[in-house]
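J.: Sharing a structure with you now.
The values are calculated or read from the model by the stated rules, or taken from the named source; none is laboratory data. This structure is a prediction, so every number in the text was calculated from the model and none was measured. Glycine also receives a Cβ, built like all others from the backbone with ideal geometry; neighbour counts cover every protein chain displayed.
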Amino acid sequence: MKILVIQQKMIGDVLTSTIICEALRKEYPEATIDYLVNSNTKPVIQGNPFFDHIIEFKNEYRDSKKEFYSFLKEIKKSKYNLVVDAYGKLESNLISYFSKAPKKVSFYKWYTRFLYSKVIHRKPEPITNASIAIENRLRLVYPEDAITSNIIQPKIFLTEEEKNTSKSYLKDNDITAEKPLIMISVLGSEMRKTLPFDYMAKVIDEIVKTTNANILFNYIPSQEKDAKAIYDLTTTDTKKHIHFKVFGKSLREFIAILSHCDALVGNEGGAVNMAKALDKPTFTVFSPWIIKKDWNMFEDGAKHDSVHLYDFKSELYGDKTPKEMKDKALELYKSFTAELIIPSLRSYLQNLKL
């Protein structure tokens, strides 16, 4: 049996959707499972034992209809028996159709349901603390009455060499296990997912004050200017704890460094999902327009906790959902002050006993 799982979104979605592969491996242990993802997300799933091959969806497939058609013909040649389309957009619709697989599963959309042999209706409310993001993906594999007994947590797999190399890198920069090490997700994937810089600086000041930890920033070279702006806003004492130049030069390097951290704190996004997949404690600051229940995976108020503006000032939303307020995210962020966040953060850090 050959199975194709499709997820062409960003890093967090691709990592989370690995649970579909793990669930399928349990259901069909002898099957060959391929996982189709965008090329730039490949590092986060390398070494995962729950699928056999990574199928890369390359940029040229989007840029050239000829290249995309050639790719579709290769998919058809693979003769898949089952396709699980967790993406559900035009590209994956076409991939599913061209696969000619006798069984094709995806989420319900009235205008594409005819392409699939089975469609799943997303549920709007979680039934466990795994979150809707986890539960709805599992519905692509399991019947409704089997969801709660088959909850799966996404996992990242590092080699011993990667772990040892990153440990040596930290040691060479005077970072050892003698003091707690906390990773800060200082920037979101866009400004509408990024806590204002001055608020984030105060959050980092509180972390140092409460834990006396060494601090690392999660950023890529193109974000250095913004990361440095946040660094500059912290106190003189906090700066002594921040190792600004210590960061992963690639996604795999970041993950390896994160594996040695005691916790991650900061903006919701891929870094939070990666920390959870490494079984690291997280404290997440949700963007005012992200629906918290969709992505607060495995939150228990102890190891994993989060804050959302709606928790404090629901009156700002009126009768609209956070997602309906997306265009007002920057305005809403002005009300999501550090003074709202810090009491919950302080309590969380104290309970971690770093």
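J.: What are the residues in segment 1-32 that are surrounded by 17 or more Cβ atoms within 10 Å (Cβ to Cβ), of a type outside the set (A, V, I, L, M, F, W, C) and part of a helix (DSSP H, G or I), if any?
T.: Correct list: Gly12, Asp13, Thr16, Thr18, Glu22, Arg25.
J.: Now for a separate question. Can you name every residue in segment 74-97 that is under 16 Å from Asp34 (Cα atoms), outside any loop (DSSP other than H, G, I, E, B) and in contact (Cβ under 8 Å) with a residue 12 or more places away in the chain?
T.: Once the filter is applied, which keeps residues that are under 16 Å from Asp34 (Cα atoms), outside any loop (DSSP other than H, G, I, E, B) and in contact (Cβ under 8 Å) with a residue 12 or more places away in the chain, segment 74-97 yields Ile75, Lys76, Leu82, Val83, Val84, Asp85, Ser92, Ile95, Ser96.
J.: Another question, then. Can you tell me which residues in segment 249-284 are among the charged types (D, E, K, R) and at pLDDT 95 or above?
T.: Listed by number, the residues that qualify are Arg252, Glu253, Asp262, Glu268, Lys276, Asp279, Lys280.
J.: In segment 194-236, how many are of a type in the set (D, E, K, R), touching a helix residue (DSSP H, G or I) at 6+ places or on another chain (Cβ under 7 Å) and surrounded by fewer than 15 Cβ atoms within 10 Å (Cβ to Cβ)?
T.: Selection size over segment 194-236: 1.
J.: Another question, then. Regarding Lys66, is this residue out of contact with any strand residue (DSSP E or B) (no Cβ under 7 Å at 6 or more places or on another chain) and part of a loop (DSSP other than H, G, I, E, B)?
T.: For Lys66, the condition - out of contact with any strand residue (DSSP E or B) (no Cβ under 7 Å at 6 or more places or on another chain) and part of a loop (DSSP other than H, G, I, E, B) - is not met.
J.: Here's another thing I want to ask about it. Among the residues that make up segment 271-278, is at least one of them over 17 Å from the mean Cα position of the chain (by Cα), outside any loop (DSSP other than H, G, I, E, B) and buried (at least 17 other Cβ atoms within 10 Å of the Cβ)?
T.: Looking through segment 271-278, none of the residues is over 17 Å from the mean Cα position of the chain (by Cα), outside any loop (DSSP other than H, G, I, E, B) and buried (at least 17 other Cβ atoms within 10 Å of the Cβ).
J.: Working only within segment 99-114, note down all residues that are crowded, with 18+ Cβ neighbours inside 10 Å and not β-branched (Val, Ile, Thr).
T.: Within segment 99-114, Ser99, Ala101, Lys104, Ser106, Phe107 qualify.
J.: Return yes or no: is Phe283 crowded, with 21+ Cβ neighbours inside 10 Å, outside the structural domain of Ser17 (by TED's automatic domain parsing) and part of a helix (DSSP H, G or I)?
T.: Criteria not met by Phe283.
J.: Let me ask something additional. Within segment 162-181, is even one residue among the hydrophobic types (A, V, I, L, M, F, W, C), farther than 17 Å from Ala86 by Cα and either part of a loop (DSSP other than H, G, I, E, B) or at pLDDT below 95 (or both)?
T.: yes
J.: Would you mind telling me which numbered condition in (1) part of a helix (DSSP H, G or I); (2) under 27 Å from the mean Cα position of the chain (by Cα); (3) buried (at least 21 other Cβ atoms within 10 Å of the Cβ) Tyr35 fails?
T.: (1)
J.: Take segment 304-328 and flag every residue that is part of a loop (DSSP other than H, G, I, E, B) and buried (at least 17 other Cβ atoms within 10 Å of the Cβ).
T.: Within segment 304-328, His308, Tyr317 qualify.
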